[in-house]
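The values are calculated or read from the model by the stated rules, or taken from the named source; none is laboratory data. Note that the coordinates shown come from a computational prediction; the quantities given were computed from them, not determined experimentally. A quick note on method: Cβ atoms are made from the backbone with ideal geometry, for glycine too, and the neighbour counts reach across all protein chains shown. Each accessible area value is taken on the protein alone, full model and side chains, heavy atoms only, with ligands, DNA and RNA left out. Shrake-Rupley method; radii C 1.70, N 1.55, O 1.52, S 1.80 Å.
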Amino acid sequence: MEPMINHIDLCGTMASAPSFSHENHGRRFYRFLLEVERLSGTVDTLPVLASWELLEQADVSWGERVAVSGQIRSFNQRATLRRKLVISVYAETLTLTDEQPDNRVRLTGALCRAPVFRRTPLGREICDGMLAVNRPYHRTDYLPCIFWGRTARQVSQLGVGSKLCLEGRLQSRVYTKLLDDGTAMERTAYEISAVSAQALTAEEEVPV
């Protein structure tokens, strides 16, 4: 199966210095946090993975403004008896910039869980979905998405396996989790907030 579309463009400020993450096939990857401001003033703090070669070529450091282009990746991290879905941005390009904040995502994939429709405490319609996006070498990224309003109602009617093309932004959300021992821990979740979404029929080609 061919990989589907998975692309993200970000422009923001490096909120941490790159720290070593892992090594894969002889390449060393580093992680840093990127702060991207929304029009509302809210700041999304997003994790970015970049190769040592990319960081060295861009010559970037903490506090500088950078533009990142790449893909959204996921993997399951084992934590005791549970698995945690870890989301990050895989940087394919990285450059210094003085441009305004940017956060644009485009994905095509298939719903791998039944969508869940609900209303916020303020009455806004929202639908939670999990999109499976294929990539080469038989790998799949599982990306949590949220849809709003009329789009939320439309997506809530779709079944598992339905294909979607969506545009939106990657956002961070801080929440408090109650642990088994009764203590509370602050955690951060990442999800794609869809601005628009289109269901694709089996006969339709993936948009380009």
For the stretch 89-103, what does the Karplus curve 6.51 cos²θ - 1.76 cosθ + 1.60, with θ = phi - 60°, yield as ³J(HN,Hα) per residue in whole Hz, taken in order and with x for Gly and Pro?
9, 8, 7, 9, 9, 8, 9, 6, 7, 10, 6, 6, x, 9, 7
Starting from the stretch 74-139, pick out the chymotrypsin sites (Phe, Trp or Tyr not before Pro) whose DSSP state is loop and whose Cβ has at most 10 other Cβ atoms within 10 Å.
Tyr137
Could you rank Ser88, Ser21 by how accessible they are, 1.4 Å probe, largest area first?
Ser21, Ser88
Subtracting the Cα-Cα distance of Ser196 and Glu99 from 0.36 nm times their residue separation yields 32.5 nm
Can you bin the stretch 77-162 into rounded, prolate or oblate? Criterion: square roots of the alpha carbon gyration tensor eigenvalues sorted a ≥ b ≥ c, rounded for a/c under 1.5, prolate for a/b above b/c, oblate for the rest.
oblate
Pick from Gly149, Gly182, Gly26: which residue has the top mean-square fluctuation in a GNM of the chain where Cα pairs under 10 Å get a spring?
Gly182
Tell me the relative contact order for the stretch 19-147 as a rounded percent, counting alpha carbon contacts under 8 Å between residues six or more apart.
17 percent
Just to confirm the filter: which GluC sites (Glu not before Pro) across the stretch 1-110 are DSSP coil and have at most 13 other Cβ within 10 angstrom of their Cβ?
Glu64, Glu99
Rounded Å value of the spacing that divides the Cα centres of the stretch 146-176 and the stretch 81-115
14 Å
Given only helices, namely DSSP H runs of n ≥ 4 each adding -39500 (n - 2.57), what is the per-residue ellipticity at 222 nm of the chain, to the nearest 500 deg cm²/dmol?
-2000 deg cm²/dmol
What percent antiparallel are the DSSP beta bridges of the chain, to the nearest 5?
95 percent
Can you list the GluC sites (Glu not before Pro) in the stretch 138-208 that are in a DSSP coil and have 13 or fewer other beta carbons within 10 angstrom?
Glu203, Glu204, Glu205
For the stretch 2-107, the dipole about the Cα centre with charges only on Cβ (Lys and Arg +1, Asp and Glu -1), to the nearest 20 debye, works out at 800 debye
Accessible area of Asp102 in the full protein assembly, 1.4 Å probe (Å², nearest 10):
40 Å²
So, R0 is 35 Å and r is the distance between the beta-carbons of Glu35 and Arg153; what FRET efficiency does that work out to, to 0.05?
0.60
Accessible area, probe 1.4 Å, largest first, for residues Trp52, Trp62, Trp148
Trp62, Trp52, Trp148
Check Ser172: other-chain or 5+ apart residues with amide H under 5 Å from its amide H, H built from backbone geometry?
Thr45
Report the Stokes-Einstein translational diffusion coefficient (µm² s⁻¹, integer) for the chain, Rh taken as the Kirkwood radius over Cα pairs, at 20 °C with viscosity 1.002 mPa s.
117 µm²/s
Sequence gap at least 6, Cα distance under 8 Å: using those rules, report the relative contact order of the stretch 64-208 to the nearest whole percent.
20 percent
Report, in debye and to the nearest 20, how large the dipole of the chain comes out about its Cα centre when Lys and Arg carry +1 and Asp and Glu carry -1 on their Cβ.
960 debye
